[in-house]
Structures are given as C-alpha cells and as structure tokens.
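To start, the structure itself, in structure tokens.
The values are calculated or read from the model by the stated rules, or taken from the named source; none is laboratory data. None of the values given here were measured: they were computed from a predicted structure. Neighbour counts run over all protein chains shown; Cβ positions are idealised from the backbone, glycine included. Ligands, DNA and RNA are stripped out before the accessible areas are found, and what is left, the full protein with its side chains, is counted by its heavy atoms. Shrake-Rupley method; radii C 1.70, N 1.55, O 1.52, S 1.80 Å.
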Amino acid sequence: MSSAPAPAAATETVDAFHRGKFHVVQPLGQGHRSGMDAMLLASLVASDRPCRVADLGAGAGAAGMAVASRIDEAEVVLVERSPVMAEFARRSLTLAENARFAQRVSVVEADVSLTGKARVATGLADESFDHVIMNPPFNDASDRKTPDALKAEAHAMSDGLFEIWVKTAGAIMKPGGQLSLIARPESIAEIIAACGRRFGGIEITALHPRVGENAVRILVTAIKQSRKRLVFRAPLVMHEEGHRFADHVDDLNNGRAAYRRR
C-alpha cells in the first residue's frame, strides 16, 4: 500500500489586521513579519484631508496598508528594495479584503539610500509626500544570528542608517510634512542627530510593556523645516492586566484612532 505524499510545508500566511478590516500576505519562516510595531507606526499618521504617504522599507506593506485602511483619502506608496517582499505586498493588494483601498496603494522597488536622479527615476520625486513613515532595521549588524538572509537584511542596522533614511525622507517630503518612525530606545541619539536641521518639533513617546518596566520602543514624529523644540510626551503603557492591551493602545493597534501630535 502506498502512502500519500506529505503535505508541503506552508511558506506564507494571510494575516488579518485592524480586526479583519484588511489582510496581508506574509512569508512564513523567512523575511520580516509585521505585527504591532507596524500598526503603531501607522497610527502616527493623522490627516483630515487628502494626503500622500511614503512607507520606507515597507516589507510586505502592513504599515502603509494600515494607513490606507484607516484614512479614506490617503494615497500610499510602499517602498521596498527586496523583490521578494515587494511581491508579497503586490499580492496583498489583490486580495478581495483589500479592494476598498487597493487602488490608492502602489509598490515601488527601490533602495532607500538612492539619491538624486536615481531616486526620482523610481517615482520618488522631491517634495512630493505629506507624510513619510519608517520602521528601519533595528538590530546591530553584529547581532545577525539568523540563517535567514532575508530576515537578517530586514532586521540588521548598518552604520549611518538613520542618517541615510531620514535624509531620503527629507528629500521626498513637502515642507511642513511629517516624519514618523518607530525604533528601539537606544537609537534615540542617532535619530535626533539625523533629523538635524532637516526636521524640528521632534516628539518622542516611550512605549512600556507594563508599569514599572523599561521602554522597549519609541515613537518619534518630526516636522520638516520646523524650528520647534523637542518634546518628550507622556509614556504609553501597553498592557494593563496580564496580556490585555490598554484600551487606548488597542484603539491605536486596531485602526480606531490616530496618535496625533500635540
């Protein structure tokens, strides 16, 4: 008696975000998988009028799609240099669950470090975006321990990364536009230095898992050409009891509210 062949191992998942309001095709066992970081990043975009948003290093596109899902008049460009991850983003836009915003979202395969004419040739023109969001690779290059090259590329930080990414954000953003990013707390000095004279009005919010625990992430926003001073906002504590999210954090995570600047 012959046995049936073993089923092929799954290589991807289709994940629901914003309580099922949109879905993202993501790799399984390779590359970067988006979760709460992407949703909190998306919550930093607040707009009551039509706006153009660039998601730098978009991966499979979860953060950018979260913006398009919540803001009906947002046009979003997902910028990703990995052809594999860019294809996941494109496939996500073909899902029926994403039909209501798919026409407002596009994918650009480009390295964030491109400058001048090479960058413009990809479709990222100077001063053409109202918002730029980013979740840059957060691990030190010496921490590359994963055998998955795609994941290592997505997670490992190179020297001068924030300077490169923030410089690109400043080039493609309109004067008065908003930069938004999520990062680890230890990156705060590099982020402030990268903003330099390009961005002012920096607002930083520390994210703490629970009361009494150290911050694990920071949310940062800044305005192009602003001269306002840096502000540390009240921290966000993610969990109230056990693993339950605080109501206001759950609203941000599920697209029911924006984390607006003060």
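Which of the residues spanning the stretch 32-57 are modelled with pLDDT of 95 or more and hydroxyl-bearing (S, T, Y)?
Result: S43, S47.
Scan the stretch 240-262 for residues that are assigned to a loop (DSSP other than H, G, I, E, B), open to solvent by 70 Å² or more (accessible area, probe 1.4 Å) and at pLDDT 95 or above and jot them down.
R256, R260
Report, by residue number, each residue of the stretch 21-33 that is on the phi < 0 side of the Ramachandran plot and touching a residue at least 40 places away in the same chain (Cβ under 8 Å).
Residues satisfying the conditions are K21, F22, H23, V24, V25, Q26, P27, Q30, H32.
Going by the structure shown, is I164 among the hydrophobic types (A, V, I, L, M, F, W, C), at negative phi and buried (at least 20 other Cβ atoms within 10 Å of the Cβ)?
It is false that I164 is among the hydrophobic types (A, V, I, L, M, F, W, C), at negative phi and buried (at least 20 other Cβ atoms within 10 Å of the Cβ).
Could you check how many residues of the stretch 225-236 are open to solvent by 40 Å² or more (accessible area, probe 1.4 Å) and either over 30 Å from G200 (Cβ atoms) or aliphatic (A, V, I, L, M) (or both)?
Residues meeting the conditions: 3.
Mind listing just one residue for me: the one in the stretch 59-82 that is without any contact (Cβ under 8 Å) to a residue 40 or more places away in the chain, within 24 Å of L161 (Cβ to Cβ) and outside any strand (DSSP E or B) and, of those, least open to solvent (accessible area, probe 1.4 Å)?
Restricting to residues being without any contact (Cβ under 8 Å) to a residue 40 or more places away in the chain, within 24 Å of L161 (Cβ to Cβ) and outside any strand (DSSP E or B), the top hit is A60.
Give the stretch 83-122 a look and list any residue that's within 22 Å of K224 (Cα to Cα) and open to solvent by less than 50 Å² (accessible area, probe 1.4 Å), or say none.
Once the filter is applied, which keeps residues that are within 22 Å of K224 (Cα to Cα) and open to solvent by less than 50 Å² (accessible area, probe 1.4 Å), the stretch 83-122 yields V112, G116, R119.
Quick one: which residue in A206, A222, A194, A183 is more than 21 Å from H131 (Cβ to Cβ), modelled with pLDDT of 95 or more and either open to solvent by less than 50 Å² (accessible area, probe 1.4 Å) or not charged (D, E, K, R) (or both)?
So the residue among A206, A222, A194, A183 that is more than 21 Å from H131 (Cβ to Cβ), modelled with pLDDT of 95 or more and either open to solvent by less than 50 Å² (accessible area, probe 1.4 Å) or not charged (D, E, K, R) (or both) is A206.
For L41, only one of the following conditions fails: (1) part of a strand (DSSP E or B); (2) crowded, with 24+ Cβ neighbours inside 10 Å. What is its number?
So L41 meets the others, but not (1).
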